[in-house]
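The values are calculated or read from the model by the stated rules, or taken from the named source; none is laboratory data. Keep in mind that this is a model prediction, so the values were computed, not measured. Cβ placement follows ideal geometry from the backbone for every residue including glycine, while neighbour counts extend to all protein chains displayed.
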Amino acid sequence: MDTSYSKFTLGDHITDEQRAFFDRNGFIHFKNFITPETVQDIINASAEVQKNWLANDKVKVNGIPIKYGKDLDGQPIVQRFAFLNQQHNLFSELALDPRFEVLLSLIGEGARLGTEEKDGMVLNHYVNGPESKFTQMGWHTDGLRDIFHGQKLNPMLNVGIHLSSLKPENGGLRVLPGTHKQSLYKMLFHKKYFLDNKADANEVAITPTAGDLTIHDGRLWHRVAQSAVSGEESRRRVIYVPIIAGKYEPKNENSPTAFYQRFAGLVK
């Protein structure tokens, strides 16, 4: 498993070096996107949303199932939030950060932050405990959903804001560099979607510090590795929000649950 790759600082534009790295590998890592204080504010705000959802037995947001699980003390928690930007002012303000406009240039004309589309702003909360329902995620590409919806494969990037500092043993994002340039056949059949959790000899382990930002191409094969440690040390949180292009397709409270989302139980 490789952990050595170039990390960058995000300025007021994407540099030629950064663009070349992203075009070649299909991912990029920017250091210190938000401060430790903002990280803690985000965690606190997600706890407020969680308290509200638990109190109201909320099941879905805009047709997207909420993933619940158990914390280390056995108490119920939300392990996957969707459309967080619609649930709390802090998240809606985060989505307005002007630096996201800089990132749009990685796709180009027509790109936008997908806060009202797909799953909106998502927060994943992993913890490796005896009753956790969310400890890992098998190999997949994010572009598959367009195919499920019978659409052409539109450009899509997934922006991750990392709220936990990780070493390789803590699990987390693993990517297969360069696979964003694969054929459609490879994208569909290179691995068994979500069922295959095995390490790949060519994978790169993304090792963020809390506050870092990463981007990966929606066509890139990636997985979320399970933590090799358990308990509090295994806890990790990450926000994802898509950058997309193509037809504008916002969701609302009447949006249906997609067919593939009915199999969310396969994703541990």
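Take Phe33 and tell me if it is within 18 Å of Leu123 (Cα to Cα) and either in contact with a strand residue (DSSP E or B) (Cβ under 9 Å, 6 or more places away or on another chain) or not hydrophobic (A, V, I, L, M, F, W, C) (or both).
Yes; evaluated as a whole, the condition is true for this residue.
For the range 219-242, which positions are of a type outside the set (S, T, N, Q), within 18 Å of the chain's Cα centre (by Cα) and over 17 Å from Ala82 (Cβ atoms)?
Hits for the range 219-242 are Arg219, Leu220, Trp221, His222, Arg223, Ala225, Arg235, Arg236.
How many residues does the range 70-82 hold that are of a type outside the set (S, T, N, Q) and over 18 Å from the mean Cα position of the chain (by Cα)?
Qualifying residue count for the region: 7.
Does Asp142 meet the test of being at pLDDT below 95, under 27 Å from Asp97 (Cβ atoms) and buried (at least 16 other Cβ atoms within 10 Å of the Cβ)? Lay out the reasoning, then the answer.
On the way: at pLDDT below 95: yes; under 27 Å from Asp97 (Cβ atoms): yes; buried (at least 16 other Cβ atoms within 10 Å of the Cβ): yes.
Taking the combined requirement at face value, the residue satisfies it.
Right, Gly110: modelled with pLDDT under 95, closer than 30 Å to Phe22 by Cβ, not basic (Lys, Arg) and not in a loop (DSSP other than H, G, I, E, B) or not? If you could, list the steps in order and put the result at the bottom.
Numbers: modelled with pLDDT under 95: yes; closer than 30 Å to Phe22 by Cβ: yes; not basic (Lys, Arg): yes; not in a loop (DSSP other than H, G, I, E, B): no.
Judged against the criteria, Gly110 is not a match.
Name the residue that is nearest to Ile14 (Cα to Cα), counting only residues in the range 87-103 that are outside any helix (DSSP H, G or I) and not small (Gly, Ala, Ser).
Looking at residues that are outside any helix (DSSP H, G or I) and not small (Gly, Ala, Ser), I get Pro98.
Taking the criterion of being at pLDDT 95 or above and either buried (at least 21 other Cβ atoms within 10 Å of the Cβ) or not in a strand (DSSP E or B) (or both), would at least one residue in the range 125-134 satisfy it?
yes
Might you let me know whether the range 97-118 holds any residue that is of a type in the set (S, T, N, Q), surrounded by 19 or more Cβ atoms within 10 Å (Cβ to Cβ) and touching a His at 6+ places or on another chain (Cβ under 9 Å)?
Scanning the range 97-118, I find no residue that is of a type in the set (S, T, N, Q), surrounded by 19 or more Cβ atoms within 10 Å (Cβ to Cβ) and touching a His at 6+ places or on another chain (Cβ under 9 Å), so the answer is no.
If you check Asn32 against the conditions, is it exposed (fewer than 15 other Cβ atoms within 10 Å of the Cβ), over 29 Å from Lys181 (Cβ atoms) and not charged (D, E, K, R)?
Criteria met by Asn32.
Please work out which one of (1) within 17 Å of the chain's Cα centre (by Cα); (2) aliphatic (A, V, I, L, M); (3) in a helix (DSSP H, G or I) is the condition Val49 fails and give its number.
Answer for Val49: the failing condition is (1).
Can you name the residue in the range 36-88 that is surrounded by 16 or more Cβ atoms within 10 Å (Cβ to Cβ) and of a type in the set (Lys, Arg) and, of all such residues, is nearest to Pro242 (Cα to Cα)?
The residue in question is Arg80.
Can you name the condition, by its number, that Asn85 falls short on among (1) free of Cβ contacts under 8 Å to residues at least 60 places away in the same chain; (2) under 18 Å from the mean Cα position of the chain (by Cα)?
(1)
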